[in-house]
Amino acid sequence: MLLAGPPLIIMAMEAEAAPVRASLGLEQAGERLHPMFPGLVWATPKVCLAVNGIDRRYGVDSIASQPAAVTTLHAIQRTSPSLVISAGTAGGFARRSGFIGEVCLANRCFFHDRRIRLKGFDRYGDGDYPVQDMSTVGTKLGFRMGTVSSGNALDAPDVDIKKMDLTETIAKDMEAAAVAWICEQFAIPFTALKVITDLIDSDKATADQFSRNFAAASERLGEAVKELIYMISNKGEINDIRT
Ligand code: ADE
């Protein structure tokens, strides 16, 4: 497969994706990626964005790992990207100096809830997928570099927190590792860009923090994605990618 294409952004929630599309000028209608799945893609020569779409049965955004993998597979086949970015909101950790609205760029990517205590399968479960080294660009933009860890739950039982402490996770999400696994199969560079909506080690309920901070974090995500795409599209110079 020829991989000379644009960067591809993969997102789970429409309310996260709308500000990102607005910031990138992706104003056209999205196209279905596959007749049997709800994922949509906005494809241009300079940047592509795919969202998982609305679950047919439950009528909500198709969040978590399986839709992320399916959308990534279809979107890679459609757009032959040079880089895939899993973008979205995430939980952070006050004890690792995380804060609401912090922008995090991955340098490691794990699953924290695939507990398989069988020889060899434990490491398979953890993932620890290849992540593109983007520390120069990330540091230039003031993003925090660190581990993004994924699981299929919004909450975090102690056993998951222990795993995230071991990997020094700064952003806990529900998709990045699934996207990273598909990218590894295609040998396509991968990273994740996440904005913190809630602090997992706070005494406030995660869902309440998430609801309160989601809109502002999604706006910040729109700006951060644009900054990153402009930077990598213009070798360090921030210009309008639509021109
Ligand atoms: N997205 C935003 N906050 C999250 C959290 N605490 N866990 C997983 N995904 C999230």
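The values are calculated or read from the model by the stated rules, or taken from the named source; none is laboratory data. Owing to the predicted nature of the structure, the values given are computational and were not obtained by experimental measurement. So basically every Cβ, Gly included, is an ideal-geometry build from the backbone, and we count neighbours across all protein chains shown. Surface areas here come from the heavy atoms of the whole protein model, side chains and all, with no ligands, DNA or RNA. Shrake-Rupley method; radii C 1.70, N 1.55, O 1.52, S 1.80 Å.
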For segment 12-47, how many residues are more than 12 Å from LEU221 (Cβ to Cβ) and among the basic types (Lys, Arg)? 2
Would you say VAL131 is away from the ligand (no atom under 16 Å from the Cβ) and among the β-branched types (Val, Ile, Thr)? yes
Filter result (more than 17 Å from LEU105 (Cα to Cα) and more than 10 Å from the ligand (Cβ to nearest atom)) within segment 189-215: ASP201, SER202, ASP203, LYS204, ALA205, ASP208, SER211, ARG212, ALA215
Taking the conditions exactly as written (hydrophobic (A, V, I, L, M, F, W, C), more than 20 Å from PRO7 (Cβ to Cβ) and touching a strand residue (DSSP E or B) at 6+ places or on another chain (Cβ under 6 Å)), does PHE110 satisfy them or not? yes
Just name the residue that is farthest from the ligand (Cβ to nearest atom) out of those in segment 101-128 that are among the aliphatic types (A, V, I, L, M) and over 17 Å from the mean Cα position of the chain (by Cα). LEU118
Segment 143-183, residues that are more than 12 Å from the ligand (Cβ to nearest atom), under 15 Å from the mean Cα position of the chain (by Cα) and open to solvent by 30 Å² or more (accessible area, probe 1.4 Å): ARG144, MET145, TRP181
Check whether at least one residue in segment 31-54 is of a type in the set (Ser, Thr, Tyr), out of contact with any Gly (no Cβ under 6 Å at 6 or more places or on another chain) and farther than 20 Å from ALA178 by Cβ, and report yes or no. yes
In segment 182-222, the residues that are in contact (Cβ under 8 Å) with a residue 12 or more places away in the chain, of a type in the set (Lys, Arg) and over 12 Å from GLY91 (Cα atoms): ARG220
For segment 111-128, enumerate the residues that are part of a helix (DSSP H, G or I) and open to solvent by 30 Å² or more (accessible area, probe 1.4 Å). PHE121, ASP122, ARG123, TYR124, ASP126
